[in-house]
Number of protein chains: 2
Amino acid sequence: MAEILFGAPVAAAIRERSKTESDALRAAGIVPCLAVVRIGDRPDTASYAAGLEKGAPKSGVEIRRIELPETVPQEEAARTLDGLDRDPSVHGILLLSPLPKHLDADLLRNRIAPEKDADCASDLSLAGVFSKNGTGPAPATARAVMEILRFYGIPTEGRRAAVIGRSQVVGRPLAMLLLRGNATVTICHSRTPDLGAVLREADIVVAALGRPEAIGAAVLGEGQVIVDVGIHRKEDGHLCGDVDQAEAAPLARAITPVPGGVGAVTSAVLLRQVVESAARTH
Amino acid sequence: MAEILFGAPVAAAIRERSKTESDALRAAGIVPCLAVVRIGDRPDTASYAAGLEKGAPKSGVEIRRIELPETVPQEEAARTLDGLDRDPSVHGILLLSPLPKHLDADLLRNRIAPEKDADCASDLSLAGVFSKNGTGPAPATARAVMEILRFYGIPTEGRRAAVIGRSQVVGRPLAMLLLRGNATVTICHSRTPDLGAVLREADIVVAALGRPEAIGAAVLGEGQVIVDVGIHRKEDGHLCGDVDQAEAAPLARAITPVPGGVGAVTSAVLLRQVVESAARTH
C-alpha cells in the first residue's frame, strides 16, 4: 500500500521556515505584508481570504485586506493595484478571482509588479518560471507539488515525470519546475490518445487535468509517485481529486490524498513567497 | 530511406505568403519594416545582417540598419531601442547578439516592445509563447521547426514529440508550440539518463541540444520524423547538425538536412513575423 503524502506536515515546515525568516526581517524593521485584493462580494473569495488571514500569522505574514465594490470601474481597480505596486510596506499582492465580468482580468493581473506577484499571476512573472534560472515566485499550486516531493525526499533528478494537464496556472509551469529539478518531463492532455502508454513510463505522475477521478488503474503503472492536484465535490458531498484514489493507492508507491494533499500546501507556499519577496527587498 | 525535409521550399512558401500580405499592406500605405540593431563590429553579426538584408525584399520587408559603436553606453543603446519601440514606421526590432560585454543584454532585450519583438527576445514576448493561446511572435528557430512540419504535412495532433534540449530560445518554446499543436511533448536533456528509451517512443524527434552528431542510431527508433536544429562546423570544415545524419537517415521516415534544413527557414520566419506585426497595426 502506498505511502500517503499528507500536505499538512509539508505546509507546517514551510510555515516554520517563513516564520523564522520573517522574525529576522521584523528585527530589521520589515514586516512581510500581503495585500489581498477582493472585488465584489462572492462567498468563495471571502472564505479564501478568511483562510489566508487565519493562517498568515504562523508564516509571519501580515494581511492587508483591500475590498473594492462589485461595480468598481476598471481604472480604479488598476489604480489600486498600481498603488500597492509602489507601496514599500507591501511585499506581496494577491488579486482574488474570479473578477466581476465588466473587468479585464488579463489587464489587471498584468498590473501586479513581478517582484510582488505572490501567486505569479502576471505574464511577466510567469515568464520567470519558464526561464531557465528564474528566481521569482511560481504559481502556488505548481510550487506546492514541488515542495511535497522535496519534503518527502522524492528525487526528480533523472526521473521521468508525466504532467497531465497543460493549463497556464498548473500544468505548464509545473512542467517547467520539474524540468528545473532535472526531471525528463512529458506533458499530456485531453488530446493524448494513449494516456496509459505515457503514464506507465513515468516515475512521477501529476494529475492536473481538472476531471474528477479520471486517472485510475487503467492508465497507471506500479510503484509510481502520484500527485493529485484536482479537487472536486462529488454528488454525495465528498471531495475527490483527479485521481481515483481507491484504484491508484494499491498500485502506487506514494500518493497525495484529496483533501489534505496539495491543497493543504498552496496557501503556505503563497505566504512563503511573500516572505521571500520581503527578503529580496532587504 | 528517409524523405529529406529541405528547408528551401518551406522558406520560399513563407516568403511568398509574406510578400503577398506585404503588397496588400503597402497598398494601404504600410511598409513592413524591420530595424536591425547591431552594436559593435563583429563579422558574425555583420554577415547575419547582410543575409537578412539580401532576403528581405522577397518577403516584402524593408530593413533599417542601425549601427551603434562597440563602446556605446547602456543608456544610449536603451534609448535607441525605446525610439524604435515608439516609431510607427518600424514593425519589427532585432537586436543582434552577442552584445559587447559592458552592456546588460537582459535589460536591453527586455526593452523591445512585445508587439515588435521579431525574434521573441524579451521575457514578455516569451510569456506569450508559454501562454495557452499566444498570438505574438515566437523564437524564429522554434517556429521554423513547426513551419517545416506543417509544410510537409506532418501532423502533430495526438503524436508524441520528443524535444532534446531545454534552452530558452529553442527547446522550451518549441515544446510549447508542439503542445499548442496538440502533440504529447517530452522534454529531455543532458540529465536524462536513458535518452534512447525516451526518444524511441516518439513519432517526432527534435534535436536541439547543441552537440555535434550526438543523436544517432543508438538512441533513435525506426520510422520517425527527425528535425535537426543544430549546426556546427566539423574539423574537416564541413557543417553538421546535432544528429548523426548518416546513422539516422536510414532509420527515419523523414529528416531535415544540415545545412539546408531548419537554418534555411529561420530568417524567412523572422521576416514573416515582421509582416504579421505590421498587419496587426493595420
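The values are calculated or read from the model by the stated rules, or taken from the named source; none is laboratory data. This one's a predicted model, so the numbers in the text were calculated from it and none came from an experiment. Every residue, glycine among them, receives a Cβ derived from its backbone with ideal geometry; neighbour counts consider all protein chains shown.
Annotations
- B:ASP82 touching a Lys or Arg at 6+ places or on another chain (Cβ under 7 Å), surrounded by fewer than 20 Cβ atoms within 10 Å (Cβ to Cβ) and assigned by TED's automatic domain parsing to the domain that holds B:CYS33: yes
- Beta carbons closer than 7 Å, at least 6 apart along the sequence or on distinct chains, pair a first residue in the stretch A:42-56 that is under 9 Å from A:SER267 (Cα atoms) with a second that is polar (S, T, N, Q) and crowded, with 17+ Cβ neighbours inside 10 Å for A:GLY51/A:SER267; A:LEU52/A:SER267; A:GLY55/A:SER267.
- Subset tally (residues that are without any contact (Cβ under 8 Å) to a residue 60 or more places away in the chain, more than 9 Å from chain A (Cβ to nearest Cβ) and not in a loop (DSSP other than H, G, I, E, B)) for the stretch B:137-160: 3
- Residue in the stretch A:119-132 that is under 30 Å from A:GLY181 (Cα atoms), away from chain B (no Cβ under 14 Å) and at pLDDT 95 or above present: yes
- In summary, B:ASP44 fulfils each of the numbered conditions (1) modelled with pLDDT under 95; (2) closer than 25 Å to B:ALA12 by Cβ with the single exception of condition (2).
- Restricting A:VAL10, A:VAL72, A:VAL36 to those that are part of a loop (DSSP other than H, G, I, E, B) and surrounded by 13 or more Cβ atoms within 10 Å (Cβ to Cβ) reduces the list to A:VAL72.
- If the condition is being over 25 Å from A:GLY51 (Cβ atoms) and part of a loop (DSSP other than H, G, I, E, B), then the stretch A:102-120 contributes A:HIS102, A:ASP104, A:ASN110.
- Pairs, first under 16 Å from A:ASP119 (Cβ atoms) in the stretch A:265-282, second part of a helix (DSSP H, G or I) and among the acidic types (Asp, Glu), C-beta under 7 Å, six or more apart: A:VAL265/A:GLU147; A:VAL269/A:GLU147; A:VAL275/A:GLU21; A:SER277/A:GLU115
- Filter pass, A:PHE151 being at pLDDT below 95 and among the aromatic types (Phe, Trp, Tyr): no
- When restricted to residues that are out of contact with any Pro (no Cβ under 7 Å at 6 or more places or on another chain), hydrophobic (A, V, I, L, M, F, W, C) and surrounded by fewer than 22 Cβ atoms within 10 Å (Cβ to Cβ), the stretch A:152-172 contains 1.
- Matching helices (runs of 4 or more DSSP H) fully within the stretch A:161-263 where at least 3 residues are more than 24 Å from A:ALA127 (Cβ to Cβ) and within 14 Å of chain B (Cβ to nearest Cβ): A:195-199
- Criterion: within 23 Å of B:ALA140 (Cα to Cα), in contact with a Pro (Cβ under 9 Å, 6 or more places away or on another chain) and not in a loop (DSSP other than H, G, I, E, B) - qualifying residue of B:ASP82, B:ASP44: B:ASP44
- Residue pairs meeting the criteria (Cβ under 7 Å; at least 6 apart or on separate chains; first touching a residue at least 40 places away in the same chain (Cβ under 8 Å), in the stretch A:92-107; second of a type in the set (D, E, K, R)): A:GLY92/A:LYS116; A:ILE93/A:LYS116; A:ILE93/A:ASP117; A:LEU94/A:ASP119; A:LEU95/A:ARG109; A:LEU96/A:ARG38; A:PRO100/A:GLU70
- Test: residue in the stretch B:260-273 that is out of contact with any Pro (no Cβ under 8 Å at 6 or more places or on another chain) and surrounded by fewer than 21 Cβ atoms within 10 Å (Cβ to Cβ): yes
- A:ALA78, sole failed condition from (1) away from every other protein chain (no Cβ under 14 Å); (2) out of contact with any helix residue (DSSP H, G or I) (no Cβ under 9 Å at 6 or more places or on another chain): (2)
- For the stretch A:7-30, the criterion of being at pLDDT below 95 and small (Gly, Ala, Ser) is met by none of the residues.
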